[in-house]
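Report on the structure given below.
The values are calculated or read from the model by the stated rules, or taken from the named source; none is laboratory data. It should be emphasised that the depicted structure is a prediction, and the values quoted were computed from it without experimental measurement. Here the Cβ positions follow ideal geometry from the backbone for every residue, glycine too, while neighbour counts run over all protein chains shown. Heavy atoms of the whole protein, side chains included, go into the accessibility calculation; ligands, DNA and RNA do not. Shrake-Rupley method; radii C 1.70, N 1.55, O 1.52, S 1.80 Å.
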Amino acid sequence: MPSLPDMTTPNVEALAADARAPRPDPAETVPELKPALFEGLCRLGDSTLVLGHRLSEWCGKGPALEEDIALANIALDLIGHTQMWLGLAAEVEEAGRSADDLAYLRDAMRFRNLLLVELPNGDMARTLMRQFLFDAWHHEMLERLTGSDSARVAEIAVKALKEVRYHLERSSDLVIRLGDGTAESHRRMAGALDMLWPYTGEMFAGDGTDAALAEAGIAPDPASLHEAWHGIVTEVLEEATLGVPEGRADVQKGGRQGRHTEHLGYLLAEMQFLQRAYPGAEW
Amino acid sequence: MAREWPLWEIFIRSQNGLNHRHVGSLHAPDAETAIHNARDVYTRRKEGVSIWVVRSADITASRPSEKGPLFDPAEDKVYRHPTFYDIPDDVGHM
Amino acid sequence: MYAQMVKSEASNDDPGMLAAFQARIDRGDKIEPKEWMPEGYRKTLIRQISQHAHSEIVGQLPEGNWITRAPTLQRKAILLAKVQDEAGHGLYLYSAAETLGISRDEMFEQLHSGRAKYSSIFNYPTLTWADMGAVGWLVDGAAIMNQVPLQRTSYGPYSRAMIRICKEESFHQRQGYHIMMKMARGTEAQREMAQDALDRFWYPALMMFGPSDKDSVHSQQSMAWKIKINTNDELRQRFVNETVPQAEFLGLTVPDPELRWNPDKEGYDFSQPDWDEFFEVLKGNGPCNRERLGARVRAWEDGAWFREGLTAYADKAAQRRAGAATAAE
């Protein structure tokens, strides 16, 4: 709902028309930006792809039918986001590749996902804690991307954000409940948090690509997401009786530049098997 | 065997203007989680705008043996149904 | 079908009540929870519905086997959505059985201990991507044959679950056939996988309907109660009649040299599956029985701390609310 001053601004119609006028999309008008934009879109799409893949590994093996179904919903959302991000990346690249080509025919060193999402599922504690730490970042990132100067990026962010709001609501809720549940659930959640914490700093470590995209108004500077993320994470972890770990968060990084853990290679070997074994076949 | 999550009955309003309708049930540890689970289980195809959850054990139902007394009287009151009234076609739609 | 060879239970109820109950069924009344029903009706239904539910959740596993290897993003999403639906359908069916006075945990216990059965088909392995096509096309196709008539079953909650399931499953068989079309018209290697999948799944799919039951007293009782609508042979014949032309359209060969159209019965003559194999699979000696049941038991046991953790939190939260309410007074 518009606040009162807006309503009383005399030239409100002119302002509205101005806001509706299509802004030049830097993604289309600034050719030098394309490599950075392609890279940035792969970073988003690869993280949603790899996490969606990890979650899909749970299908049929969840701790309760209700949870099995819920995890599959999140995986489906993330695969949907992947199709949008990598689809746009492929368009921007203009090299005749499709979203599927990017997902199925790049090797690990070309993947740009966060290390956090490629870590093996472990138990539900690790899966849910990883989900929460990612969701809190993902939510903030998408919020900011809805204001991107690139209309295409903003459009995808708006669609994805609707779903990610729920992801965050759900994972926060479960982290609180399991952190403050039984002694065993607390122990498992605390262990998962300790194990995952060193991977979280990567979400906020910018490089030249990020700087170029931030400069062009396409994506936020990653460091600028930290405060909001830290606020949500602190609130939830406190309520979960877990507390924020004291150790350094920026130890494990490199995924966004293509330097991964050993785990990604196996994930890709499995995921890409058919495309690699039967090149050019249609499915 | 550990205590089972209680059973909840799920009611969904498919669009504003319609009643909530019973769609099924599920298990959840409490009401908030039941709502989350209901969203995931019963609106996978965008079926709802509003969800009610009620613990199955909290529902008081008429006893089936009362089915006669509770519902039979209405059958006598045919005057409650529009078809009871014979209105000539010439009157037009009513 | 997902509930094979369900034995009906005898009823020791009052003959007058039984006759009145049968009269209700005969005039098409639906029976609702908590209404009087013969003990045999209740027990047979619990057995049949829970078997069907177990089949749905065990049935997640052979297809789940390929979710992480689906060849495109679209196929990955479709397969995941389908397998997720199966979890949902298991949930609907468990709920329907729960209205008859058994808990989901009790039913899980019966499954995990090996006392309860699930459809024999899910003890066969899925070896190539074409199996995702064959399972959708043949296994879901056979299941639909059985489930569509069951929408009219006499027990209200079961009928409603079937209606919802049939509606949601309408895409399952089609996505399977779509995979088969792509494979059968694809490269030589894909065509070979498609034919191999049909070769391996044809007879297990025919077994899904169960052995001939035209002389079975159990089936006669279940049909009188309208918890079974058609005989196994009727459904099997209908399945063959519908499926053979679909295979021909794909250019694939049904692995049955005896298969031929019989104009007199307006249907195909076909070979019976190997019923010895069927009984071995039911006894636990199929290719994947151990893996399938093992996976379910592991999921359940590994999830215990999760379920208990959430229960403990709900208890604490309720106590805190009660405490706050007392303090406010």
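Annotations
- For A:Gly206, net neighbour charge (Lys/Arg +1, Asp/Glu -1) across residues whose Cβ lies under 15 Å away: -4
- Computed in the context of the full set of protein chains, the accessible area of the stretch C:210-329 at 1.4 Å probe radius has 51% of its extent on carbon or sulfur.
- Shown for chain A: the carbon plus sulfur share of the solvent-accessible area, taken with all protein chains present and a 1.4 angstrom probe, equals 54%.
- Extension gain from A:Glu94 to A:Asp149, taking 0.36 nm per residue of separation minus the Cα-Cα distance: 17.7 nm
- Within a Gaussian network of chain A (alpha carbon springs, distance under 10 Å), most fluctuating of A:Pro198, A:Pro31, A:Pro222: A:Pro31
- Here's the picture: charge each Lys and Arg Cβ at +1 and each Asp and Glu Cβ at -1 in the stretch C:28-84, and of C:Gln51, C:Leu79, C:Trp36 the one pushed furthest to the positive end of that dipole is C:Leu79.
- Accessible area buried between chains A and C, both sides summed, probe 1.4 Å, in Å² to nearest 100: 4200
- Loop sites in the stretch C:149-226: trypsin sites (Lys or Arg not before Pro), DSSP, at most 16 other Cβ within 10 Å: C:Arg152, C:Arg185, C:Lys214
- Excluding ligands, DNA and RNA, the accessible surface per residue across the protein assembly as shown is 45 Å² with a 1.4 Å probe.
- Chain pair C, B: total accessible area buried, heavy atoms, 1.4 Å probe, Å²: 1900
- Site pair B:Met94 and A:Arg110 shows an inter-label distance of 7.7 nm when each label is modelled 7 Å from Cα along Cα→Cβ.
- Accessible surface of the stretch B:7-62 [probe 1.4 Å, protein heavy atoms]: carbon and sulfur percent: 50
- Ellipsoid semi-axes for chain C, based on the Cα gyration tensor and the rule √(5λ), read 36, 29, 17 Å when sorted largest first.
- Taking A:Thr234, A:Thr29, A:Thr82 as the candidate residues, the one with maximal mean-square fluctuation in a Gaussian network model of chain A, Cα springs under 10 Å, is A:Thr29.
- For chain B, the C-alpha radius of gyration divided by 2.2 N^0.38 Å, with N the number of residues, is 1.65.
- For the segment C:294-307, counting C-beta atoms of other chains within 10 Å of every residue's C-beta and taking the mean gives 5.
- Alpha-carbon centroids, the stretch C:280-297 and the stretch A:102-171: separation in whole Å: 38
- Within 10 Å of each Cβ in A:172-181, the average number of Cβ atoms from other chains: 5
- In the stretch C:282-324, a dipole from Cβ-located charges (positive for Lys and Arg, negative for Asp and Glu) runs towards its positive end, and of C:Asn289, C:Trp300, C:Gln319 it is C:Asn289 whose Cα lies farthest in that direction.
- Per-residue shielding of A:216-226, expressed as the average number of other chain Cβ atoms within 10 Å of the residue Cβ, stands at 0.
- Buried area at the B-A interface (accessible, heavy atoms, 1.4 Å probe, summed, Å²): 1100
- 20 Å Cα-Cα reach of C:Lys182 towards lysines, excluding residues that sit fewer than 8 places from it in its own chain: C:Lys76, C:Lys82
- Taking the charge dipole of the stretch B:7-62 about its Cα centre, with +1 at Lys and Arg Cβ atoms and -1 at Asp and Glu Cβ atoms, the residue from B:Pro29, B:Ile10, B:Ser56 reaching farthest to the positive side is B:Ile10.
- Formal net charge of residues neighbouring C:Phe249 (Cβ-Cβ distance under 13 Å; K, R +1; D, E -1): -1
- Panel note: the C-alpha atoms of the protein assembly as shown, placed on their principal axes, show extents of 83, 75, 71 Å (largest first).
- For the stretch B:7-62, radius of gyration divided by Kirkwood radius, i.e. Rg to Rh on alpha-carbons: 0.96
- Calculated FRET value between A:Thr29 and A:Ala223, using beta carbons and R₀ = 30 Å, to 0.05: 0.65
- Restricting the stretch C:232-275 to trypsin sites (Lys or Arg not before Pro) that sit in a DSSP loop and have at most 11 other Cβ atoms within 10 Å of their own Cβ leaves C:Lys265.
- At least 30 Å² accessible surface lost relative to isolated chain, residues of the stretch C:157-200 (1.4 Å probe): C:Arg164, C:Glu168, C:Lys182, C:Gln190, C:Met193
- Residues C:Met223 and B:Glu32, FRET efficiency given R0 of 60 Å [Cβ-Cβ distance, rounded to 0.05]: 0.85
- Per residue of the protein assembly as shown, the DSSP helices (runs of n ≥ 4 H) give a summed -39500 (n - 2.57) that works out to -19000 deg cm²/dmol at 222 nm.
- Sites excluded, trypsin sites (Lys or Arg not before Pro) in DSSP loops with at most 13 other C-beta within 10 Å, longest stretch of chain A: A:1-247
- Rounded to the nearest 20 debye, the dipole magnitude of chain A is 520 debye, with +1 charges on Lys and Arg beta carbons, -1 on Asp and Glu beta carbons, and the Cα centre as origin.
- Cα-based reach from A:Lys34 at 25 Å (exclusive), listing lysines while leaving out same-chain residues under 8 positions away: A:Lys159, A:Lys253
- Summarised in one figure, the compactness ratio Rg/Rh of chain A, Cα atoms and Kirkwood Rh, is 1.00.
- In loop segments of the stretch A:165-262 as defined by DSSP, the GluC sites (Glu not before Pro) with at most 11 further C-beta atoms inside 10 Å of their C-beta are A:Glu246.
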